[in-house]
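Undergrad: Take a look at this one; I'll ask things after.
What follows is calculated from the coordinates using simple rules that are stated; it is not laboratory data. The structure displayed is predicted, hence computed values, not measured ones. All Cβ positions, glycine included, derive from the backbone under ideal geometry; neighbour counts span all protein chains shown.
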Amino acid sequence: MTEKGDKWILMATAQTPTNIAVIKYWGKRDENLILPVNDSISVTLDPDHLCTTTTVAVSPSFDQDRMWLNGKEISLSGGRYQNCLREIRSRACDVEDKEKGIKIEKKDWEKLHLHIASYNNFPTAAGLASSAAGFACLVFSLAKLMNLKENQSQLSAIARQGSGSACRSLFGGFVKWIMGKEDNGSDSLAVQLVDEEHWNELVIIIAVVSSRQKETSSTSGMRESVQTSLLLQHRAKEIVPKRVVQMEKAIQNRDFPSFAQLTCADSNQFHAVCLDSSPPIFYMNDTSHRIISYVEKWNRSEGSPQVAYTFDAGPNAVLIARNRKVAAQLLQKLLFFFPPNSDTDLNSYVLGDNSILQDAG
Ligand code: ADP
Ligand code: DP6
Ligand code: CO
């Protein structure tokens with residue numbers, strides 16, 4: 001390490017969008033390594049709308065690793081943060097900043113401490129996949145700071161150990177998390193199926209039904225489902241493997257009717273698994289159910305699907321319109337039937353499309 005007193009500080013910043021699963025991940029076969037019971041497929045959102053920005057800093061004057069999330073200090077003692085930090089430190093390389101006269105050698109990273117500041121521009125822990133954008137951004141910014149040589153899929157396997165859904169946010173476009181077969185998790189990683197340009201007519205609208213923190217985190221919800229739901233076992237073994245093949249084909253062919261049918265069916269089955277858990281878990285509320293009925297009716301009256309809906313572990317609706325014209329109609333209808341600040345408490349709409357960053361940088 002080149003010394004210029006203890007004064008120097010080196011920083012890196014990254015911005016990472018969130019992703020929404022169209023074939024859901026729900027259930028782990030290994031809780032510590034975060035290995036799933038099935039493959040999943042997601043679409044990464046436009047980073048202008050829902051994203052995490054994380055700045056990581058290293059300095060010899062820091063005496064411990066510390067992290068702030070949305071301005072409040074949080075503990076890094078949890079296994080997930082520790083697993084990510086350990087995996088990244090072990091792959092860190094030499095870093096040189098000639099301008100500042102700083103040289104950090106590979107071996108130095110073990111003793112140097114980090115300060116991490118992260119900010120989500122959307123509600124945290126409310127079922128809009130903050131853990132996905134958050135851990136993907138943490139891993140990506142640290143990889144930048146420490147000059148890791150790993151590719152995006154290899155980084156995704158580290159982000160996975162922070163939060164499963166995070167592995168899919170290292171890529172734009174449609175992304176598949178391959179569950180893998182190995183017990184050590186080395187083949188459980190994300191791959192890009194198609195980039196953000198492939199199906200750029202799609203428009204994604206997020207209807208924020210509630211930005212309150214959910215009562216049951218994804219982690220504990222899926223643990224309860226794995227322990228108690230027989231439907232989860234059936235879904236993971238019999239249903240999802242077939243659906244993943246059909247979904248990949250629908251995406252490749254830009255076949256909206258098949259895409260919408262599979263997306264809606266998979267969201268509904270995931271929430272059925274939650275209901276099949278003991279005690280049952282309710283993530284959707286009355287407004288969520290009304291949005292589903294409304295979209296179903298509209299799709300039937302049009303003769304073929306115009307809009308797909310999907311809900312993660314929370315009441316907020318993610319609506320995917322087949323093109324801009326349909327999206328404009330949808331927004332108009334949402335505003336009419338669910339006026340903002342009315343008793344429906346559907347209070348905001350985030351309009352996005354899937355023209356997303358190629359990678360999280
Ligand atoms: P969500 O539906 O928002 O993904 P989860 O229950 O899956 O909710 O995860 C929420 C947790 O993810 C937070 O309590 C926090 O531990 C972690 N998290 C959220 N945002 C970030 C971030 N920007 N950086 C690191 N961790 C984050
Ligand atoms: C419903 O990735 O948040 O959003 O791995 O325990 O951190 P952990 O859970 P998380 O679960 C996401 C569940 C989901 C579906 C999905 O994103 O595939
Ligand atoms: Co999450």
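Undergrad: For the stretch 146-154, just list the computed ³J(HN,Hα) in residue order, Karplus coefficients 6.51, -1.76 and 1.60, θ = phi - 60°, integers in Hz, with x standing in for Gly and Pro.
TA: For the stretch 146-154, the Karplus-derived couplings read 9, 6, 5, 9, 5, 7, 4, 5, 5 Hz, x marking Gly and Pro.
Undergrad: Apply the Karplus curve 6.51 cos²θ - 1.76 cosθ + 1.60, θ = phi - 60°, to the phi angles in the stretch 24-35 and return the couplings in whole Hz, x for Gly and Pro.
TA: Karplus values, whole Hz, x for Gly and Pro: 7, 8, 8, x, 10, 9, 9, 6, 6, 7, 6, 10.
Undergrad: Another question, if that's okay. For the chain, what is the mean residue ellipticity at 222 nm derived from helices alone (per DSSP H run of n ≥ 4: -39500 (n - 2.57); sum divided by total residues; nearest 500 deg cm²/dmol)? Mind showing how you got there, number by number?
TA: On the way: 9 runs with 116 residues, N = 361.
Taking each H run of at least 4 residues, the total per residue is -10000 deg cm²/dmol.
Undergrad: While we're here: Please enumerate, by chain and number, the lysines with C-alpha under 21 Å from the C-alpha of residue 242, excluding those fewer than 8 residues away in the same chain.
TA: Counting by Cα, and skipping residues close in sequence, residue 242 has these lysines nearby: 24, 28, 176, 181.
Undergrad: How far is the Cα center of the stretch 179-226 from the Cα center of the stretch 62-114, in Å?
TA: 26
Undergrad: Based only on other Cβ atoms within 10 Å, what is the fewest-to-most ordering of 148, 170?
TA: Details: 148 19, 170 33.
With the sparsest Cβ surroundings first, the list reads 148, 170.
Undergrad: Separate question: Beyond a 29 Å Cα-Cα separation, which of these cross-linked pairs lie in this structure: 100/144; 72/214; 72/111; 149/237; 149/214; 103/149? Walk me through the numbers on the way to the answer.
TA: Details: 100/144 17 Å; 72/214 19 Å; 72/111 25 Å; 149/237 36 Å; 149/214 37 Å; 103/149 18 Å.
Too far apart for the 29 Å limit: 149/237; 149/214.
Undergrad: Only Lys, Arg, Asp and Glu count, each charged at its Cβ (+1, +1, -1, -1), so figure out the dipole size of the stretch 210-253 about its Cα centre, rounded to 20 debye. Before the final figure, lay out each step's value.
TA: Numbers: 8 positive and 4 negative charges, 17 e Å.
Its charge dipole is roughly 80 debye.
Undergrad: In debye, nearest 20: dipole of the chain around its Cα centre with unit charges on the Cβ of K, R (+) and D, E (-)?
TA: On the way: 39 positive and 41 negative charges, 52 e Å.
Magnitude of the dipole: close to 260 debye.
Undergrad: Under the classification rounded if a/c is under 1.5, otherwise prolate if a/b is larger than b/c and oblate if not, where does the stretch 108-225 fall, given a ≥ b ≥ c as square roots of the Cα gyration tensor eigenvalues? Please list the in-between numbers first.
TA: On the way: a/c = 1.40, a/b = 1.21, b/c = 1.16.
In terms of gyration-tensor shape, rounded.
Undergrad: Same structure again: Counting only residues 5 or more places away or on other chains, whose amide H sits under 5 Å from the amide H of residue 194 once H atoms are built in the peptide plane?
TA: Residues meeting the criterion, in which the H sits 1.01 Å from N, are 174.
Undergrad: Report the net charge of residues surrounding residue 40, where surrounding means a beta-carbon distance below 13 angstrom and charges are Lys +1, Arg +1, Asp -1, Glu -1. Kindly include the intermediate steps, with their values, before the conclusion.
TA: On the way: positive: 24, 28, 160, 168, 176, 235, 243; negative: 39, 248, 266, 312.
Taking every other residue near residue 40 into account, the sum is +3.
Undergrad: Not counting the cut sites, what is the longest span of the chain without GluC sites (Glu not before Pro) that DSSP labels loop and that have at most 11 other Cβ atoms within 10 Å? Numbers along the way, then the final one.
TA: Numbers: sites that count: 3, 99, 182, 215.
In short, 216-361.
Undergrad: Further, regarding this structure: Report, in degrees rounded to the nearest 10, the 0 to 90 angle that the Cα long axis of helix 218-228 makes with the longest principal axis of the chain.
TA: The helix 218-228 is inclined about 60 degrees to the chain.
Undergrad: Give the longest segment of the chain that steers clear of trypsin sites (Lys or Arg not before Pro) in DSSP loops with at most 10 neighbouring Cβ atoms within 10 Å, not counting the sites themselves.
TA: Working: sites that count: 7, 98, 111, 149, 181.
That would be 182-361.
Undergrad: Taking the dipole about the Cα centre of the chain, with the C-beta of Lys and Arg at +1 and of Asp and Glu at -1, give me whichever of 45, 121, 232 is farthest to the positive side.
TA: 232
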